[in-house]
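First the structure, in the form of structure tokens, and then the observations on it.
The values are calculated or read from the model by the stated rules, or taken from the named source; none is laboratory data. This is a predicted model, so every value here is computed, not measured. Neighbour counts run over all protein chains shown; Cβ positions are idealised from the backbone, glycine included. Note: areas computed on protein heavy atoms with side chains; ligands, DNA, RNA excluded. Shrake-Rupley method; radii C 1.70, N 1.55, O 1.52, S 1.80 Å.
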Amino acid sequence: MRDFDYIRPATIPDAVAAAAQPGSAYLAGGTNLLDLMKGGITSPERIVDITRLPELDRVEELPEGGLRIGALVRNADLAHDPSFAKAYPAVAEALLSGASAQLRNAATVGGNLLQRTRCSYFYDTASPCNRREPGSGCSALHGENRLHAVLGWSEACIATHPSDFCVPLVALDAVVEIEGKDGRRHVTLEEFHRLPGQTPQRETVLEPGDLIVAVRLPAEAASFAANARYLKVRERTSYAFAVVSAAAALTVEGGRIRAARLALGGVAAKPWRARAAEALLIGAPAEEASFLRAADAALAEATPSGDNAFKIELARRIVVRALTSALAGTPALMPALPASPFSNIPGARHDA
Amino acid sequence: MTVHIKSHGDASDGAFAEAVGGRLSRVDGPAKITGAARYAVEQQLDGLVHAVLVDSTIAAGRVRAIETARAEAAPGVLKVLTPDSIVGLRTASDWFGTPPPDKPYFPLARDITFSGQHVAAVVAETFEQAVAAAALIEISYDETPAIVDLNDAKAGDGIPVDAMTKEWGDAPAAFAAAPVRICAAYNTPREYQAPMEPHGLIARWEDDRLTVWEPSQWLDGMARTYAEWFSVPFENVRLVSPYIGGGFGSKALALSHGAVAAYAARMLGRPVKLVLTRPQTFTGYGGRAATRQTVTIGAAQDGLIQSIVHRGVNETSIDGMWVEPLGSVTSIMYATPNFSSRQNVVRVNSVVPGAMRAPGENPSAFGIECAIDELAYEVGIDPLEIRLRNYAEQDPHARKAWSTRQLREAFATGAERFGWAARTPKPRSMRDGNQLIGWGVAAGTYPVRRAHGEAIVRILADGSVEVESSSIDMGQGTYTILAQTAAETLGVPADSVVVKLGDSRFPRAGVTGGSRLAGVMTGAVYKAATSALDQLVGLAISDPRSPFHALQANTLVVANGRIASPRGDGPDVSIAELLSGIGLDRIEASGDTMPANSTAEDRYKNYTTISMALPHTEGDYSRHSWCAHFIEVRVDEDFGTVRVSRVVSALDSGRLYNPKLAESQWKGGIIMGIGQALLEEGIVDRRHGRIVNNNLADYLVPTNADIPDIEVISVGIPDPHSSALGGKGVGELAIVGVAPAIANAVFHATGKRIRDLPITLEKLI
Ligand SMILES: Cc1cc2nc3c(=O)[nH]c(=O)nc-3n(C[C@H](O)[C@H](O)[C@H](O)COP(=O)(O)OP(=O)(O)OC[C@H]3O[C@@H](n4cnc5c(N)ncnc54)[C@H](O)[C@@H]3O)c2cc1C
Ligand code: SF4
């Protein structure tokens, strides 16, 4: 790790002003940033510690309906908030399926949105990587890419965004509240992360100094509470990133789907909202045939970026399973292994 | 859950917890849980400085230039070391004690044979300064083509290792004539020990005496290497290693980073600390070599094996030699009149592979124990039944009687506890919703390796007892079982025994590897304690100041720290009272298991090399531990993900010195086997040979949530041919056979034979 300046601003404007200077990085839970600094993947000259900023660690009901979640709310606190978990069960399930208990205790809402990719070459400073060092090339394209993107990738970068939390959030039309040099603005989470194109180093719409202050869920998001699931296929039962994941939320009336939300994780450089699939589902009978059609639509544009064609088929299957599970109804209790297809194994432990 | 089948002679029968065979909890547990246990690199030394390594980023070639000026000018930097700046070290002998070539030794490399080879090092006042300066070093290379791994098109067939050839009968002809023939190839990838505590050390020189605080499975062997590198007498090197955060075979040898740190310490006249980063633990020493095997079995319709032809290959490095004995289980598990096993090694641009829990036996069992399952399905016989039909009544290779082999009992007990009889043989015939359920069985074995050790036992003035040995405890329970051995032999409570380990100044011990330490060291402590007890009783009887002097007894009883006459008709005093009565502040005795007229040279060789280890087939017997694993898996039909949902294992490790600790080691082995079967694989980049997943987020080992309740059952009986107190080996046995049991269960669940580990989801969808 290189030497850096450490600043602990008292107010949001002070924070934004400090971080607007080149070479700055916000420090929240530090679970991602510090690892990147220790490995020499990023070397900020100035750390702006936002953990003492007032009022960013609150969850508030909005007057017009919906919820506003402060950027510093810890992942674990949010997931274990009973009224939150009741209204947005798929979001709570996604949070609890991520990382480990220790990391969830430290990780924040804002940090989770901004976590960097887990592409191994991004972490290996001896390898070219366009995201880490623009213009140096993409080592993954002709390297080990079994877990890389199958949607929205470019030859410049085939990495995925690893967050679980973002997947149900994007499905539920979450909005990111940003404070910048020119004041406050709102960006939908769907637009917040960028696809790589020719500039994979630009991962989000944030400009220097921009601070995430909150994430908002609109009133309608809670209307799916009875039929919402997050499912995650991972190689080990806990403490592993998704190979692919899906958030599905339905409202069903008289055997027909009235509203549908669907998003995929682990498939692209952003949480992937499957709008074409949603369009097919709305008004369709709530049955497997509709789910299979939706799965085909969700993956219609998918192409392997390397040795990962299996992820396309896997993603189709998880879409069907997530929709089937959502239709079956949100479980009354959080499954012992959140988001796991194996939660029903006898003796499954509640320590995922 | 753990079940004890007492009728099988589990030595805990009736024993109270503190005696040998009792379930005493780990005596080092509280220190570890409270953080009081201080590990090697946690020593606080005055003047300590920090070293950081810079590694090669190419797999083959030569360092053209190293730009060090910026690093040298960086804050706090004391020294930048490059291949040229380390001079005067000598090549050390290998672990067999083969005299080394008379050549200088360069722990930093100019000629690069693998990615991750140490090329330069920075020493600075603080760790952060060393890291920052290391990032400023620029190395340029002349790169040459590399053979990145076993599957590289340039790798070729390798070099035959004739010593591995085992043949009897005419295996190819018998195979050709057999009515049933199966042939399949089985592959295992590079796997890593991944201990929680990374490798590292603190080195300090005082004149020409070197002290090294370093996690070590072999203090005396490593001390020898340091002494030879630095051309100082063996006695001048002291290794200290009181606790070890996991080794699994990887901490038995001194490694090049140790030479760099000790060199820097001597050069700077200050203690130097150097700890490998987690990525460096994938290249700073070798994991388990990748292997390939083909197993062909010729059999009769009734499943009786007529011939086994086995060919194996493992990878080794460009200039080192590692042989992973792939025919070790193949050649002894089943009776066959015709057998042929041969092995090659292939040189690739990697660090030299090393020992990892049950080297040889582990991949060997994956081949033969999957193949016999394939044969069972080919002839339509239950996989357990076919193993019994081909049961080897004696060692088929050595043609000697087994010392003990409770494998039949293991099969019977395991099958019963697991409920094997309810299995429906057809693949895909058991399911629960989206999950296919499979039941698999496989056997495992590990040879009884024997060597020798020394110990000192002291009875102190307050009646407490001290045991000293340079052997180590890496979590397997040496502290505890040696306390139990001394307590039982001397007749004192275990909590009055203090065991001191992990310092090469103590009486010596050979390598803690190959599951040999418990058998060796309980023997040495038993002898030392017996001779201390003889002295104590002798003095009590003969010393005129002793209250027992007048009794004219020829023996006394020592129990619970007190001495009395056998009939209880005389005095009854504590050991402390007796010692103060006769004016002694201690009684001390040493004991060892060396043959009677061993010379000093014999002893040195025994403790610092592995050349004196006794073959497991020495004399009239063939000595092995045995086990049978019964495993249930659940496979998600859509996603191909496999989870283990039930394990029942029955194991024969002979007598257990402490069943609680043995069970815990068995369970650890089974858990590691689950990781090997489903998760673990070092992924090699085909261009530069680096391990891509060189960290614990990407190199997956099982978490708690991956592990079901594991039932382990001891079916062993005391084996007098294997060790002084009747134990065989515990530490490595249980991993052997887990991966094939899981692969067999996956076949039963899905109808798919996965012969390449690990069994990842894309192989099943
Ligand atoms: C081993 C491991 C396993 C993991 N597994 C999973 C998993 O399975 N699923 C999953 O979803 N995640 C996983 N994670 C990632 C984890 O969720 C993130 O590390 C965490 O959410 C980051 O939050 P933080 O508060 O610690 O962020 P930090 O590390 O503090 O910051 C991350 C980034 O966000 C920026 N930042 C933080 N807050 C703000 C803000 N308010 N405004 C602007 N910029 C900001 C920082 O400058 C930095 O660039 C894993 C992490 C590790 C280390
Ligand atoms: S996929 Fe993206 S992050 Fe990975 S090496 Fe290529 S450019 Fe870098």
Report task. Working only within the range B:675-698, note down all residues that are more than 10 Å from chain A (Cβ to nearest Cβ) and over 19 Å from B:Pro359 (Cβ atoms). Result -> B:Gly689
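Per-residue answers, yes or no, for (1) of a type in the set (Lys, Arg); (2) modelled with pLDDT of 95 or more; (3) assigned to a helix (DSSP H, G or I):
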| site | (1), (2), (3) |
| --- | --- |
| B:Arg505 | yes, yes, no |
| B:Ser515 | no, no, no |
| B:Ala518 | no, no, yes |
| B:Ile541 | no, no, yes |
| B:Ala550 | no, no, yes |
| B:Thr555 | no, no, no |
| B:Arg567 | yes, no, no |
| B:Asn597 | no, no, no |
| B:Tyr607 | no, no, yes |
**Report entry** Failed item in (1) in the same structural domain as B:Gly444 (by TED's automatic domain parsing); (2) open to solvent by 60 Å² or more (accessible area, probe 1.4 Å); (3) among the β-branched types (Val, Ile, Thr), with B:Thr599 passing the rest
**Finding:** (1)
Query raised in the report: Out of all the residues in the range A:285-295, is one or more in a loop (DSSP other than H, G, I, E, B), open to solvent by 20 Å² or more (accessible area, probe 1.4 Å) and over 22 Å from B:Glu762 (Cβ atoms)?
Result: yes
Query raised in the report: Which one of these is away from ligand 2 (no atom under 16 Å from the Cβ), part of a loop (DSSP other than H, G, I, E, B) and within 14 Å of A:Ala94 (Cβ to Cβ): A:Ala242, A:Ala300?
Result: A:Ala242
Query raised in the report: When A:Glu64 is evaluated against the numbered criteria (1) within 12 Å of ligand 1 (Cβ to nearest atom); (2) modelled with pLDDT under 95, which criterion, by number, is the only one it fails?
Result: (1)
Query raised in the report: Can you tell me how many residues in the range B:719-745 are within 18 Å of B:Phe411 (Cβ to Cβ) and in a loop (DSSP other than H, G, I, E, B)?
Result: 3
Query raised in the report: Restricting attention to the range A:174-216, which residues are over 17 Å from the mean Cα position of the chain (by Cα), in a loop (DSSP other than H, G, I, E, B), touching a residue at least 24 places away in the same chain (Cβ under 8 Å) and over 26 Å from A:Leu141 (Cβ atoms)?
Result: A:Lys181, A:Glu207, A:Pro208, A:Gly209, A:Asp210
Report summary line: Residues in the range A:143-168 that are within 14 Å of another protein chain (Cβ to nearest Cβ) and open to solvent by less than 10 Å² (accessible area, probe 1.4 Å) total 3
Query raised in the report: Which number in (1) within 14 Å of chain B (Cβ to nearest Cβ); (2) away from ligand 2 (no atom under 16 Å from the Cβ) marks the one condition that A:Asn112 misses?
Result: (1)
Report summary line: If you go through A:Ala248, A:Ala171, A:Ala259, the only one that is open to solvent by 10 Å² or more (accessible area, probe 1.4 Å), of a type in the set (A, V, I, L, M, F, W, C), closer than 22 Å to A:Ala322 by Cα and away from ligand 2 (no atom under 16 Å from the Cβ) is A:Ala259
Query raised in the report: Looking at A:Val91, is it away from ligand 1 (no atom under 11 Å from the Cβ), crowded, with 17+ Cβ neighbours inside 10 Å, in the same structural domain as A:Phe165 (by TED's automatic domain parsing) and not charged (D, E, K, R)?
Result: yes
Query raised in the report: within 14 Å of chain B (Cβ to nearest Cβ), open to solvent by 10 Å² or more (accessible area, probe 1.4 Å), at pLDDT 95 or above and in contact with a helix residue (DSSP H, G or I) (Cβ under 7 Å, 6 or more places away or on another chain), is that true of A:Arg316?
Result: yes
Report task. Could you tell me which of the residues A:Ala140, A:Ala71, A:Ala101 is away from ligand 2 (no atom under 16 Å from the Cβ) and buried (at least 16 other Cβ atoms within 10 Å of the Cβ)? Result -> A:Ala71
**Report entry** Number of the exception - A:Asn145 against (1) polar (S, T, N, Q); (2) more than 30 Å from B:Asp55 (Cβ to Cβ); (3) touching an Asp or Glu at 6+ places or on another chain (Cβ under 7 Å)
**Finding:** (2)
Requested in this report: Considering every residue within the range B:186-203, establish whether at least one is in a strand (DSSP E or B), at negative phi, exposed (fewer than 14 other Cβ atoms within 10 Å of the Cβ) and outside the structural domain of B:Arg753 (by TED's automatic domain parsing).
Outcome: no
Query - Yes/no for A:Ile50 being within 16 Å of ligand 2 (Cβ to nearest atom) and within 30 Å of B:Glu128 (Cα to Cα) - result: no
Query raised in the report: Just a yes or no: is a residue in the range A:109-121 closer than 22 Å to A:Leu189 by Cβ, among the aromatic types (Phe, Trp, Tyr) and crowded, with 24+ Cβ neighbours inside 10 Å?
Result: no
Query raised in the report: For the range A:123-131, does any single residue satisfy the condition of being within 16 Å of ligand 1 (Cβ to nearest atom), in contact with an Asp or Glu (Cβ under 8 Å, 6 or more places away or on another chain), among the hydroxyl-bearing types (Ser, Thr, Tyr) and not assigned by TED's automatic domain parsing to the domain that holds A:Glu235?
Result: no
Query raised in the report: Going by the conditions given, is B:Pro708 within 29 Å of B:Met196 (Cβ to Cβ) and within 14 Å of another protein chain (Cβ to nearest Cβ)?
Result: yes
Report summary line: By residue number, the members of the range B:746-765 that are part of a helix (DSSP H, G or I), within 14 Å of chain A (Cβ to nearest Cβ) and crowded, with 24+ Cβ neighbours inside 10 Å are B:Ala749
Query raised in the report: From the residues in the range A:50-61 that are more than 8 Å from ligand 1 (Cβ to nearest atom) and in a loop (DSSP other than H, G, I, E, B), which one is least open to solvent (accessible area, probe 1.4 Å)?
Result: A:Leu53
Query raised in the report: Among (1) within 14 Å of chain B (Cβ to nearest Cβ); (2) crowded, with 16+ Cβ neighbours inside 10 Å; (3) more than 8 Å from ligand 1 (Cβ to nearest atom), where does A:Glu45 come up short?
Result: (2)
Query raised in the report: Just checking, how many residues over the range B:505-526 are at negative phi and polar (S, T, N, Q)?
Result: 2
Query - Scope the range A:143-168; condition of a type outside the set (D, E, K, R) and more than 9 Å from ligand 2 (Cβ to nearest atom); matching residues - result: A:Leu147, A:Val150, A:Leu151, A:Gly152, A:Ser154, A:His161, A:Pro162, A:Ser163, A:Phe165, A:Cys166, A:Val167, A:Pro168
Query raised in the report: For the range B:645-660, which residues satisfy the criterion of being open to solvent by less than 10 Å² (accessible area, probe 1.4 Å) and assigned to a strand (DSSP E or B)?
Result: B:Val647, B:Val648, B:Ser649, B:Ala650, B:Leu651, B:Asp652, B:Gly654
Query raised in the report: If you go through the range A:222-253 one residue at a time, how many are more than 30 Å from B:Gly675 (Cβ to Cβ) and either at pLDDT below 95 or within 15 Å of the chain's Cα centre (by Cα) (or both)?
Result: 1
Report summary line: The correct count of residues that are acidic (Asp, Glu) and assigned to a loop (DSSP other than H, G, I, E, B) in the range A:1-49 is 2
